[in-house]
Amino acid sequence: MLLITDIDSLRQFRNSCPPEARIGLVPTMGALHAGHLALAARAVQENEVSIVTIFVNPTQFGPSEDFSRYPRTLEADLAKLAPLGIDAVFAPEVASIYPEPPAEFAFQIRSLDRKLCGASRPGHMNGVVQVVSILFHLTRPTHAYFGLKDYQQCLIIRRLVRELHFPLEVVPCPIVREADGLAMSSRNVYLSPEERRQAAALSRTLREVRERLGTFSGTAEAKAFARQALAAFPLVQPDYVEILHGETLEDLDSLAPEGQPVAFIAAWLGKTRLIDNLPLY
Ligand code: AMP
């Protein structure tokens, strides 16, 4: 497994790949857990060449967010990736990706950015689209693996690839969870033991909504039920509880399958913000 930290070496590596090869890319911010590793293992399995990127991208963090304290564990990450058969890890410094502050160009994302994390974290999706575009240009993958834990991000990247004609396929991958249902996240390490215990409320509530789907008159009642279920966990402070169309993220009144409803929760536990989602069919 090659560790690459500068763009020239990355270009060299990429140019050495056979022209017709399937190239799998897994973009991450490191602090790798089993969710990331599932994406990486799949990239190895489905491609001739697999590349994992590890880059804590400053432009997707708001000024009061956790960029500086985000966990950075490169040595441990490399030790987890090596046995999987990954060909190259690209782990650049911020100055390599942004030699000057990227002040001039920004993406304007329209409808898909209006709700959920797009609304709660202004500028976040712009930063994601910015860095993912840079990584696509540099690594030129044929297949790019993204986790459905970041459902809205997956939708936006899929649309980006379509509209900007990136010659690659986005491969959405299922959410990997802890035994109690908590979606794995690099941010789970921030949680105190009691916060960690109560964090399972997010996935449990989503499952309860799905199980009781037939008992709700529509999305309003289902969302009210979810808020009430979360209220039993005093350390869980909901940011949003939504049920939206799974392709367009439009509001839905009805829970009918035609709307492809997906339930979304974001919540604060102390200073840690967690997200989760579940398709209701
Ligand atoms: P991150 O390092 O948090 O930016 O995540 C990198 C990639 O891993 C993204 O495509 C995430 O959606 C994906 N990912 C993170 N956590 C999980 C999880 N629990 N299950 C599946 N994919 C995940």
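The values are calculated or read from the model by the stated rules, or taken from the named source; none is laboratory data. Since this is a predicted model, take the numbers as computed values, not measurements. Note that we place each Cβ from the backbone using ideal geometry, even for glycine, and neighbour counts take in every protein chain shown. The accessibility values were calculated without ligands, DNA or RNA, using every heavy atom of the protein model including side chains. Shrake-Rupley method; radii C 1.70, N 1.55, O 1.52, S 1.80 Å.
What the table below lists for this structure:
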read-out	value
Loop-located GluC sites (Glu not before Pro) in segment 227-265 whose Cβ has at most 16 other Cβ within 10 Å (DSSP)	247, 250
Cα centroid of segment 242-281 to Cα centroid of segment 195-209, whole Å	14 Å
Rounded Å value of the spacing that divides the Cα centres of segment 91-169 and segment 1-68	14 Å
Candidates 141, 27, 92: whichever shows maximal mean-square fluctuation once the chain is modelled as a Gaussian network with Cα springs under 10 Å	92
Sequence-separation-based contact order of the chain, relative, with Cα cut under 8 Å and 6+ spacing, percent	17 percent
Residues residue 231 and residue 96, FRET efficiency given R0 of 30 Å [Cβ-Cβ distance, rounded to 0.05]	0.05
GNM result for the chain, Cα springs below 10 Å: residue of 257, 238, 71 fluctuating most strongly	257
Where 208, 75 fall by accessible area, highest first, once all protein chains stay in place (1.4 Å)	75, 208
The chain, accessible surface, carbon-and-sulfur percent (1.4 angstrom probe)	53 percent
GNM flexibility winner over the chain from 16, 120, 186 (Cα, springs under 10 Å)	16
Accessible area expressed per residue, the chain, with surrounding protein chains retained (probe 1.4 Å, Å²)	48 Å²
Bridge type composition, the chain - antiparallel percent by DSSP, nearest 5	50 percent
Span-rule helices in the chain, defined as complete DSSP H runs reaching 15 Å or more along the axis (Cα) with Kyte mean at least 1.0	124-139
Label-point separation, residue 104 to residue 82 (7 Å along Cα→Cβ), nm	4.2 nm
Chymotrypsin sites (Phe, Trp or Tyr not before Pro) restricted to DSSP loop in segment 56-159 with at most 12 other C-beta within 10 Å	105
Segment 236-281 shape via C-alpha gyration tensor axes, a/c threshold 1.5	prolate
Net lengthening on full extension, residue 3/residue 240 (0.36 nm per residue, minus Cα-Cα)	81.4 nm
Student exercise, the chain dipole from Lys, Arg, Asp, Glu Cβ charges, in Debye to nearest 20	360 debye
